[in-house]
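*Asks:* This is the structure, below, for whatever I ask next.
Each value in this text was obtained by applying a stated rule to the coordinates, not by laboratory testing. Source: prediction; values computed, not measured. Reconstructed Cβ throughout: ideal geometry from the backbone, glycine too, with neighbour counts over all protein chains shown.
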Amino acid sequence: METKGVEKRPPLMRIEDLSFSYGDVPVLKHVNFTAHKGQLVALIGPNGAGKSTLFKCILKFNKGYTGRILLEDQDMMQMSRTVIAKKIAYIPQTTTPVFNYPVIDIVLMGMTGGLKPLESPKAKHIEKAEKTLEELGITYLRDRGFGRISGGERQLVLLARAMVQDATLLVMDEPTANLDYGNQFRVMERIRGLVKDGYSVIISTHNPEHALLFAEKAFVLQNGEVKAAGPSKEVLTESLMQQLYDVEVRLLNTEFDGQEAKVCVPVRSTR
């Protein structure tokens, strides 16, 4: 159940009584959730909770759901994929390139929806891509092969590709998966910076600290059901973490970026 509160920003996405099954196996069960404009929302939960399935429903990869997904008050089931691509940019968990395209070409691929068939990017498109690389601090990667850069650098390049798409919402499936500790932090800082610049972002993550340190709102799934939703620091409790992950934890208060913050410290497994 979502916590109560006064939210002055307009809703960006509303999920209403969403259910989805693979065959006879229910995966999502009567999910309700609202994300507002200008928020960083963390979707968390254990393996098999339904996070990836929910993203597939949002992106219209899974169509056989019941309930509604509204984007800016429009029913997404009635929207074409072309329209959705102009409003939502998807950044996958991992990308294994088949061809070693230069980074600048990977970023330019984010603009294909705005080009005519067989039309090549013009100078203004290249300039926009280069400016986006500069904003993310990765101009040095411009001419490097996408297949020969680090995992953290790839995620930042995929962020750049999403940014040039000019979408309203960025949907990111475990953007820090398989990254080392330093790259996880750097990528999350970039994501938080995008929100400050006006983007709305929904990420899925297995790390509760990403929600506690970076996300304004947490949306918690377990066994396809919503266990909690609301301000991250309020809904992510020690008892909830233990319920989700079978690990006893302590939430400790600290200071982060000049503000008070909570960190999650595992104590022992309860199994």
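*Asks:* Cβ under 9 Å from residue 14's Cβ, residue 14 left aside: what net charge do those residues give with Lys, Arg +1 and Asp, Glu -1?
*Replies:* Surrounding charge for residue 14 is -1.
*Asks:* Let me ask you something else. Does the range 113-249 come out rounded, prolate or oblate, given a ≥ b ≥ c as the square roots of the eigenvalues of its C-alpha gyration tensor, rounded meaning a/c under 1.5 and, failing that, prolate meaning a/b above b/c?
*Replies:* Cα axes put the range 113-249 in the prolate bin.
*Asks:* Suppose the chain between residue 140 and residue 189 were pulled fully straight at 0.36 nm per residue; how much longer would it get relative to their current alpha carbon spacing?
*Replies:* 15.7 nm is the gain from fully extending residue 140 to residue 189.
*Asks:* Full-extension gain between residue 112 and residue 29, please, as 0.36 nm times their residue separation minus the C-alpha to C-alpha distance.
*Replies:* That works out to 26.3 nm of additional length.
*Asks:* Can you compute the label reach from residue 263? Point 7 Å from Cα along the Cβ direction, backbone N cut-off under 18 Å, restricted to the range 157-196.
*Replies:* 180-189
*Asks:* Across the chain, where is the longest run that never hits GluC sites (Glu not before Pro) in a DSSP loop with at most 12 other C-beta atoms within 10 Å?
*Replies:* That gives 120-271 as the longest site-free run.
*Asks:* Give me the extension gain from residue 74 to residue 248: residue separation times 0.36 nm, minus the current Cα-Cα distance, reported in nm with one decimal.
*Replies:* Once the chain is fully extended between residue 74 and residue 248, it gains 58.5 nm.
*Asks:* On to the next question. Applying 1/(1 + (r/R0)^6) with R0 = 35 Å to the Cβ-Cβ distance of residue 123 and residue 82, what FRET efficiency is obtained, to the nearest 0.05?
*Replies:* The formula returns an efficiency of 0.90 here.
*Asks:* Can I ask one more? Only bridges whose two residues both fall in the chain count here: according to DSSP, what percent of them are antiparallel, nearest 5?
*Replies:* 65 percent
*Asks:* Let me ask you something else. Given the options 101, 181, 90, which has the most mean-square fluctuation in a GNM of the chain, springs set between C-alpha atoms less than 10 angstrom apart?
*Replies:* Comparing 101, 181, 90 in a Gaussian network model of the chain, the most mobile one is 181.
*Asks:* Based on the Cβ-Cβ distance of residue 225 and residue 177, what FRET efficiency does E = 1/(1 + (r/R0)^6) give at R0 = 25 Å, to the nearest 0.05?
*Replies:* Step by step, r from the Cβ atoms, then E = 0.60.
*Asks:* Collect residues whose amide H, placed 1.01 Å from N in the peptide plane, falls under 5 Å from the amide H of residue 91; neighbours closer than 5 in sequence don't count.
*Replies:* 171, 172, 173
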